[in-house]
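Below: one structure, written as structure tokens.
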Amino acid sequence: MKRNVEISFRESVDLMFNRAAALTDLSPGLEEKIRVCNATYTVRFGVRLRGHIHTFTGYRAVHSEHMEPVKGGIRYSMSVNQDEVEALSALMTYKCALVEAPFGGAKGGLCIDPRQWEEHELEQITRRFAFELIKRDLIHPSQNVPAPDMGTGEREMAWIADQYARMHTTDINARACVTGKPINAGGIQGRVEATGRGVQYALREFFRHPEDIARAGLTGTLDGKKVIVQGLGNVGYHAAKFLSEEDGAIVTGIVEHDGGLHSETGLNIEAVRNWIATHGGITGYPDAVYLPDGAILLEDECDILIPAAVEGVINLSNAERIRAPLIIEAANGPVTAGADEILRNKGTVIIPDLYANAGGVTVSYFEWVKNLSHIRFGRMQRRQEESRHDLLLTELERLSKDKNLGWTLSPDFKERYLRGADELELVRSGLDDTMRTAYQSMREVWHGRQDVDDLRTAAFLVAIWRVAASYRAKGL
């Protein structure tokens, strides 16, 4: 690969796949079957808006059906194109395999700038896009289950779910046709925060291993680590919020579309988020140094760099100047293949996207299961769990009184111990377990094989082996 030539996002994904696949003993035929995108559907539809018919172009790529349904978000962006959705659908396949979510990979997109349309117009467009996909079974609880992505959220997922229900009035599992819905429309607690929370859990797991911390040239814990976040959307905001409020990390820089903010003492994430919501950007934010060229902050000195917006922000033009010893890819494909090679040669440790941002699809899996089971998590066992705990504590207190032991349980401990887990706690527990287990599977390969010197290759290897096992079980 020539370092002075930047390749496309799709080529980057294929190159990273090929680098890992070369270390396997797969037959060329099976390797090709895993790599290629099965099908990409392009739909063009018209919607009458503002007195005119506007034609929109949308895509749904299905990368692998080694497991069904296939899973992957729908993004709204003017940059959406066939190559992008195919690359993202491939990443979804490997991501689901890595975290053992029982899905194949898919991705969808609509070439649109959602900021240019009123809410009622967006609803018309979304419903018509959904109609085009639903009638082709490209949205279906047992075949193809979308989720939110860049430019979409709970609102759009609720519209899609309602459109599916209108077209399948007798499908008892209609709500499972899409995940990322609002709570009152069949969603699940913890889904909005899921990807950012997954980034936090990924970093916590990384910092549990002194050998891995040393590989990045770092020491200690997350407490006090300087963090720069690129993109304060849903993922970046939640990751920055949790790391700063719960783990003691110091967010010294935020990069946004209209510039960057820097503060050595740490930025108030909630205040910055509120400023963006009110003013549409970070320009004018009073409590930090404002930099018109925010991208320069990516090259600033810090312990952890979190690219959390779009693909390709770390590339051949800036990779040599990236100083962060640890990068965690909260976005999909934020480091190009060329930049990845430069950073690996410098000794930078990269926690790859197909692991780091898998929190979203993990909690989507929980939501899908909840929709199919038609009962919220915790409803059956929560009070029984509380009763058992109460029985134990009552007996301990009785023994203390009878034997004059002179000790009592602190009210805070008693209150926390007696409280049974609700849906949010169970979701967070399941996500934490998933991120820990997936990291350990990567780490075993990373440290166990001399021909694997980075976490991305290790992640791809684990994913490829699991997808290959599924295909072999089908007789391929």
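Restricting to region 89-115, and then to whatever is in contact with a Gly (Cβ under 8 Å, 6 or more places away or on another chain) and either small (Gly, Ala, Ser) or modelled with pLDDT under 95 (or both), can you tell me which residue is farthest from PHE366 (Cα to Cα)? Checking each candidate, the answer is GLY109. Per the listing GLU415, GLU444, GLU386, GLU397, the residue uniquely under 29 Å from the mean Cα position of the chain (by Cα) and not small (Gly, Ala, Ser) is GLU444. Out of curiosity, is ALA458 surrounded by 14 or more Cβ atoms within 10 Å (Cβ to Cβ) and among the small types (Gly, Ala, Ser)? For ALA458, the condition - surrounded by 14 or more Cβ atoms within 10 Å (Cβ to Cβ) and among the small types (Gly, Ala, Ser) - is met. The set of residues from region 55-83 being assigned to a strand (DSSP E or B), over 17 Å from ASP149 (Cα atoms) and in contact (Cβ under 8 Å) with a residue 60 or more places away in the chain comprises just one member, PHE56. Selection of region 435-448 for residues being of a type in the set (Gly, Ala, Ser) and free of Cβ contacts under 8 Å to residues at least 24 places away in the same chain yields only GLY448. Say we look at region 279-296 and pick out the residues that are closer than 9 Å to GLY259 by Cβ and among the β-branched types (Val, Ile, Thr); which of these is surrounded by the fewest Cβ atoms within 10 Å (Cβ to Cβ)? Per the criteria, the residue is THR283.
All of (1) at pLDDT 95 or above; (2) surrounded by 14 or more Cβ atoms within 10 Å (Cβ to Cβ); (3) small (Gly, Ala, Ser) hold for SER400 with one exception: (1). Only one entry in ASP340, ASP287, ASP303 is touching a Pro at 6+ places or on another chain (Cβ under 8 Å) and assigned by TED's automatic domain parsing to the domain that holds GLU245, namely ASP303. If you go through region 360-383 one residue at a time, do you hit one that is surrounded by fewer than 24 Cβ atoms within 10 Å (Cβ to Cβ), small (Gly, Ala, Ser) and at pLDDT 95 or above? Yes, region 360-383 contains at least one residue that is surrounded by fewer than 24 Cβ atoms within 10 Å (Cβ to Cβ), small (Gly, Ala, Ser) and at pLDDT 95 or above. TYR355 meets each of the listed conditions (1) more than 30 Å from THR179 (Cβ to Cβ); (2) among the aromatic types (Phe, Trp, Tyr); (3) crowded, with 21+ Cβ neighbours inside 10 Å apart from (1). So which of GLU301, GLU311, GLU341, GLU320 is over 14 Å from VAL227 (Cα atoms) and not in a helix (DSSP H, G or I)? Every option except GLU311 fails the conditions.
Name the residue, out of ASP451, ASP422, ASP432, that is in contact (Cβ under 8 Å) with a residue 40 or more places away in the chain, within 25 Å of VAL363 (Cα to Cα), exposed (fewer than 15 other Cβ atoms within 10 Å of the Cβ) and within 29 Å of the chain's Cα centre (by Cα). So that I can check it myself, show each step before the final result.
Working: ASP451 fails: within 25 Å of VAL363 (Cα to Cα); ASP432 fails: exposed (fewer than 15 other Cβ atoms within 10 Å of the Cβ).
The unique qualifying residue is ASP422.
Of GLY260, GLY266, GLY253, GLY236, all but one fail to be without any contact (Cβ under 8 Å) to a residue 60 or more places away in the chain and not in a strand (DSSP E or B); the exception is GLY266. Here region 461-471 is the region considered, the condition is being touching a residue at least 12 places away in the same chain (Cβ under 8 Å) and not β-branched (Val, Ile, Thr), and the residue that is surrounded by the most Cβ atoms within 10 Å (Cβ to Cβ) is ALA463.
The values are calculated or read from the model by the stated rules, or taken from the named source; none is laboratory data. Just so you know, these numbers come straight off a predicted model, no measurement behind them. FYI the Cβ positions are ideal-geometry reconstructions off the backbone, even for glycines, and counts take in every protein chain you see.
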